[in-house]
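To start, the structure under review is shown below, and the notes come after it.
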């Protein structure tokens, strides 16, 4: 029989804290220190954190240590970000964690239960006057939720975990594909260990020794640049998708399911519309981060971005894209970006770099190989979009009891599917 309880009835609600930052010894190898930026909405578990708390720091926070499989919810700042601890951890003060009474509640079920309750959390935001989203611990822990018996909790957790297991497995495969493509670029065009390279003579150039027949050219002579459109992003489909810096600054692909929309006039729509093969570079906040448009979709790009369109037969989309991802280009952008609190670089600066241009036959071979690998990567992205859609459709129905677990084939969590 289902019952209504408050979040605090699920166990203990722990609000995180930060050890004194003026004491460097508080940080170092030890316990994960979870901050909102460590939470990824596409992954249940916080696999890694930017910072760890040392044994010295432990003594200042000992009462706030949370065990593995504890749900962490951001309640200050980006309200509603949610994740599970993968091992005993600490969190900062922006996060409330629910340490579950495991004799009565399944901790993985509680993760999904709280994920379903995120709209309730957001409704309690009291930070309008301060300009920063804020939900107090008292408000958070008194949110009412409906829970079924433990046996049903276990089954619901198993069903939803099966979807997340598939999603996370696909993300691992995506990462491997991306590492493969970057490795090929480095081998062929950085280390010059391309097929049959042993038979090619190395000659002098302005960038050092390069294979004979290759050349060095300034990027600005090979591409046309365009600054993006200024508008506010909205979640409702009022117009085309609106790609922003945050849509490409942490990954090398564009996940269109998370890209918002914006309104735009018909004339400007045509001017800023994205096309397959367009390469986007961030010019502010995270200058140099890069993305590529790989499908025909109604979308435009924001003002923090610069579009690079190839104007020379010496370049091709993926070759340009992986050059921009290379350590040499990224180090160049870091060195030329200006600003103390917010780094930036102009279109002229971002393209004022020499690049090595290989023979067309080798570049075309690279393009063919990478096109195949990126096609596989994008198929996995589409699979994940469908899996997330199905999971998010089932989540509230299972939590509320609208769909009974007996109506679904249950796969034990962690099992191969």
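Read the figures in this text as sums done on the coordinates, not as results from a lab. No experiment lies behind these values; they were computed from the predicted model shown. All Cβ positions, even for glycine, are placed from backbone atoms using ideal geometry, and neighbour counts span all protein chains on display.
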Worksheet entry | Residues of segment 143-187 with amide N under 15 Å of the 7 Å Cα→Cβ point at residue 386 | 163, 166-167, 170
Fill in: Estimated FRET transfer efficiency when R0 is 41 angstrom, pair residue 235-residue 21 (beta carbons, to 0.05)
0.70
Worksheet item: Taking the highest mean first, how do the peptides 266-272, 296-302 order by number of other beta carbon atoms within 10 angstrom per residue?
Response: 296-302, 266-272
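When ranked by the protection proxy of mean other Cβ atoms within 10 Å per residue, highest first, what sequence do the peptides 201-213, 274-286, 323-335 form? Kindly include the intermediate steps, with their values, before the conclusion.
Numbers: 201-213: 11.7, 274-286: 19.7, 323-335: 15.9.
By packing density, highest mean first, the sequence is 274-286, 323-335, 201-213.
Given just the C-alpha atoms of segment 10-60, how large is their convex hull per residue in cubic angstrom?
Values: hull volume 5.4 nm³, N = 51.
Per-residue hull volume (Cα only) is 105 Å³.
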Fill in: Computed FRET value (nearest 0.05) for residue 142 with residue 284, which takes r as the C-beta separation and R₀ as 60 Å
0.90
Worksheet entry | Ranking of 9, 352 by count of other Cβ atoms within 10 Å, fewest first | 352, 9
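Counting DSSP beta bridges with both partners in segment 215-357, what percentage is antiparallel, nearest 5? Don't skip to the end; give the middle numbers.
Details: 21 of 25 bridges.
If we restrict to bridges inside segment 215-357, about 85 percent are antiparallel.
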Item to complete: Among DSSP beta bridges whose residues both lie in the chain, state the antiparallel percentage, nearest 5.
Response: 85
Worksheet, complete the sentence: residue 205 and residue 103 label points (each 7 Å along its Cα→Cβ direction) are spaced in nm at 7.1
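Where a ≥ b ≥ c are the square roots of the eigenvalues of the C-alpha gyration tensor, would you call segment 250-395 rounded, which needs a/c under 1.5, or, failing that, prolate if a/b is larger than b/c, or oblate? It would help to have the intermediate numbers written out before the result.
On the way: a/c = 1.62, a/b = 1.22, b/c = 1.32.
The shape class here is oblate.
Counting alpha carbon pairs within less than 8 Å and at least 6 residues apart, what relative contact order, in whole percent, applies to the chain?
Details: 725 pairs, mean separation 66.0, N = 417.
Answer for the chain is 16 percent.
To the nearest 0.05, what FRET efficiency results for residue 249 and residue 406 with a Förster distance of 41 Å applied to their C-beta separation? Mind showing how you got there, number by number?
Values: r = 44 Å, r/R0 = 1.08.
Once rounded, the FRET efficiency stands at 0.40.
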Worksheet entry | Zone residues, segment 296-319, relative to residue 378, backbone N less than 19 Å from point 7 Å out along Cα-to-Cβ | 296-301, 307-310, 316-319
